Amino acid sequence: MNHLGGDLLNKSQNYNNDSNSLEDFLKWVKIQYEYLAHLNASPFVEDHFELYFRGVSNNLYEDIPSIFRNHRFIQNEEKFLQECLTRNPCDFTDEKSTFDILVKMQHYGVPTRLLDITQEPLVALYFATRKDIASAEKGKVIAYFIKKKQIYYPDSPIVAVISNLARQNH
């Protein structure tokens, strides 16, 4: 699942794999699920939360979509999209929406406005433990507690609008 940025992250917790122990990681995950249950049981919470994870291979990475990490990227976002479509048209024939195109671009390592998140903590751990050859930093897993009413799926109008911002000249 991809997250399109914005103010959807209500609370987050980081796991830095200092111990390199799967057991410690699974204990941390259990604590996150216990906290989720506590949040959702509260009579003061208007909307229930879902738990998502993100794994990054460098502890220093900013927790924002890659297109926003460099001002030149966002200025050239529309060019990135058009170059991908022009240079590799066969790779994008099955993509029905701009969101689908952005997902494939992200898969190829092109900066996009998407932020990869998953509900599977072990998938996040995989990405956190991949070696970042450009850095000696360790990875981390981030847990996000996101309100259910702020979760949008690929076919929603909000996702279409935010995705199509990539087609605008900045």
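The values are calculated or read from the model by the stated rules, or taken from the named source; none is laboratory data. This is a predicted model, so every value here is computed, not measured. Cβ: placed from backbone, ideal geometry, glycine included. Neighbour counts: every protein chain shown. Accessible surface is based on the protein model in full, side chains and every heavy atom, while ligands, DNA and RNA are left aside. Shrake-Rupley method; radii C 1.70, N 1.55, O 1.52, S 1.80 Å.
How large is the accessible surface of TYR108 in square angstrom, using a 1.4 angstrom probe and rounding to the nearest 10?
Here the residue's solvent-accessible area equals roughly 110 Å².
So with the 1.4 Å probe, I'd like the accessible area per residue for the chain, rounded to whole Å². Intermediate values should be presented prior to the final figure.
Numbers: 10320 Å² over 170 residues.
About 61 Å² of surface per residue is accessible.
Around TYR15, which amide H atoms from residues at least 5 apart in sequence, or from another chain, sit under 5 Å from its own amide H, with H modelled in the peptide plane?
Amide H neighbours of TYR15, under 5 Å, 5+ apart: VAL141, ILE142, ALA143.
Sum up the charges of everything whose Cβ sits under 11 Å from the Cβ of LEU102, counting Lys and Arg as +1 and Asp and Glu as -1, but leave LEU102 out.
Numbers: positive: LYS104, ARG113, ARG167; negative: GLU77, GLU95, ASP100.
Spelling it out: positives minus negatives among the neighbours equals 0.
Pick the calculated Kirkwood radius over Cα pairs in Å for this structure from (i) 18.7; (ii) 17.4; (iii) 17.9?
Here the calculated entry is (ii).
Heavy atoms of the protein only, probe of 1.4 Å, neighbouring chains included. What is the accessible area of ARG69 in Å², nearest 10?
Counting only protein heavy atoms, the figure is 90 Å².
For LYS148, go through the aspartates and glutamates and keep the ones whose alpha-carbon is under 12 Å away, minus same-chain ones fewer than eight residues off.
Once the sequence-local aspartates and glutamates are set aside, what remains near LYS148 is GLU46, ASP47, GLU50.
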